[in-house]
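**Q** Take this structure, written in structure tokens, and hold onto it; I'll ask about it next.
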Amino acid sequence: MKHLSPEQISSLVAGIEVITSEAAHVRECAACATEVERMKTVLMQFRGSVRTWSEKLNHSEFPVQKAIASRARGSDAPRRAPMAWVLATAALAAAVAIPAYRESRDQAMKEQAQRDDQLLMDVNAHLSRSGPQAMDPLMRMMSTSAFPDRDLGTAQENRGIRGNQGSGGEK
Amino acid sequence: MDAMDASKTRPTAEVSDFDSVVRHYWPRVFRFILASVRERDAAETLTQDCFLRAYQGRHQFRGDASLGTWLMQIAINLVRDNARNRRLRFWKKLQSTAVDCALLNEGLAGPEATPERQAVAKEQIEAVWRATGKLSERQRTVFLLRFVEDMDLLEIASVMGLTEGAVKVHLFRAVHSVRERIGGMR
């Protein structure tokens, strides 16, 4: 008796096509029937092992389904602004704010410098004064009489007045 | 009634009750993905992705295929993308037999089986695992859908977007290759 070829046995195991003559042979040939049955048993055991393994690993009470639900809700919710937009907005704000801040800071520094200069001038003026402000006219008179050349303008004025008076008398 | 058959009687509107869809189909989708990628974490992530995509696309589901077929289509695409994205790691895992054989072999031959018989069954199961790891992606998917998920050829063709003839060819090659690798008697 000619046995089934390996290809024919594989075809029978896969259940692809059942050719009548092959099926009849398996019914009559114990060797071929054993081989087909052996392969089918191995594949059934394989299926059982996968199912057992899967059930063992999937023992939790659908914790991942909660994750799906939250992810699904997240996908339905309005999307948050992408990071690129956040960064661009921040850069724009910085580009506007930094020059304005610098300008106000420069202005403040300039005003402070002016106030400092004024204060310095006042201090110098105060230090260079030899007497109180109220005595200025008296001090001017004294300095003019003691040092006639010091207040040249006043002496010339006085001389001019006197000169005018003298020329009038000659007439 | 098988989950796939049960889905055929479900109205399309039932997709809107997504909690029950997840509860009903989760074990099946997770099992197929786990058998394909052989990593628990990856399988859980991909199963989540599968149901998330289904949830997001639930309004496009027109009921042309059964709900189970539709979910399996998504799962197959995710497994394929995952394998392509992580090809090196994936094959490394396959070749290093990442499958926990202790778990795989639990209760294989039944409590009444002799230790010798259990040992033989264990060896055969491990050999099938190794053999499926050597199959092409399509052959492995067809093999798992046929022998783990008990799907018929037309269902497999529908899920994978292949003709029935193409499914037969892939299935024959897969079975023949596995049989050779696990040591066919002839």
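The values are calculated or read from the model by the stated rules, or taken from the named source; none is laboratory data. Owing to the predicted nature of the structure, the values given are computational and were not obtained by experimental measurement. Because the Cβ atoms are built from the backbone with ideal geometry, glycine has one as well, and the counts that use them run over all protein chains shown.
**Q** Out of all the residues in segment B:30-51, is one or more in contact with an Asp or Glu (Cβ under 8 Å, 6 or more places away or on another chain), modelled with pLDDT under 85 and over 24 Å from B:Ala121 (Cβ atoms)? Spell out how you get there, then give the answer.
**A** At the first step, the residues of segment B:30-51 found to be in contact with an Asp or Glu (Cβ under 8 Å, 6 or more places away or on another chain) are B:30-32.
Right, trim to modelled with pLDDT under 85 and you get none.
Taking every residue of segment B:30-51 in turn, none turns out to be in contact with an Asp or Glu (Cβ under 8 Å, 6 or more places away or on another chain), modelled with pLDDT under 85 and over 24 Å from B:Ala121 (Cβ atoms).
**Q** Oh, and also: Could you run through segment B:118-168 and say how many residues are of a type outside the set (Gly, Ala, Ser), more than 11 Å from every other protein chain (Cβ to nearest Cβ) and in a helix (DSSP H, G or I)? Working first, answer last.
**A** In the first step, residues of segment B:118-168 are kept if they are of a type outside the set (Gly, Ala, Ser); the result is B:118, B:120, B:122-126, B:128-130, B:132, B:134-135, B:137-156, B:159-160, B:162-164, B:167-168.
Subsequent filtering for residues that are more than 11 Å from every other protein chain (Cβ to nearest Cβ) retains B:130, B:134-135, B:137-141, B:145, B:151, B:154-156, B:159-160, B:162-163.
Keeping just the survivors that are in a helix (DSSP H, G or I) gives B:130, B:134, B:137-141, B:145, B:154-156, B:159-160.
Of the residues in segment B:118-168, 13 are of a type outside the set (Gly, Ala, Ser), more than 11 Å from every other protein chain (Cβ to nearest Cβ) and in a helix (DSSP H, G or I).
**Q** Applying the selection to segment B:143-173, what residues are surrounded by 20 or more Cβ atoms within 10 Å (Cβ to Cβ), in contact (Cβ under 8 Å) with a residue 24 or more places away in the chain and either within 22 Å of A:Thr52 (Cβ to Cβ) or in contact with a strand residue (DSSP E or B) (Cβ under 8 Å, 6 or more places away or on another chain) (or both)?
**A** Listed by number, the residues that qualify are B:Phe143, B:Leu144, B:Leu145, B:Arg146, B:Val148, B:Glu149, B:Met151.
**Q** Give segment B:18-38 a look and list any residue that's of a type in the set (D, E, K, R) and surrounded by fewer than 20 Cβ atoms within 10 Å (Cβ to Cβ), or say none. Break it down into steps so the answer makes sense when it comes.
**A** Going residue by residue through segment B:18-38, those that are of a type in the set (D, E, K, R) are B:19, B:23, B:28, B:31, B:38.
Those that are of a type in the set (D, E, K, R) and surrounded by fewer than 20 Cβ atoms within 10 Å (Cβ to Cβ): B:Asp19, B:Arg23.
**Q** Pull up segment A:1-24, narrow it to residues that are more than 9 Å from every other protein chain (Cβ to nearest Cβ), of a type in the set (Val, Ile, Thr) and in a loop (DSSP other than H, G, I, E, B), then point me to the one that is nearest to B:Ala157 (Cα to Cα). Walk me through it before giving the result.
**A** Of all residues in segment A:1-24, those more than 9 Å from every other protein chain (Cβ to nearest Cβ) come to A:1-2, A:8, A:12, A:18-24.
The next check asks that each one be of a type in the set (Val, Ile, Thr); those that pass are A:18-20.
Adding the requirement that they be in a loop (DSSP other than H, G, I, E, B) leaves A:18-19.
Numbers: A:Val18: 19, A:Ile19: 22 Å.
This residue is A:Val18.
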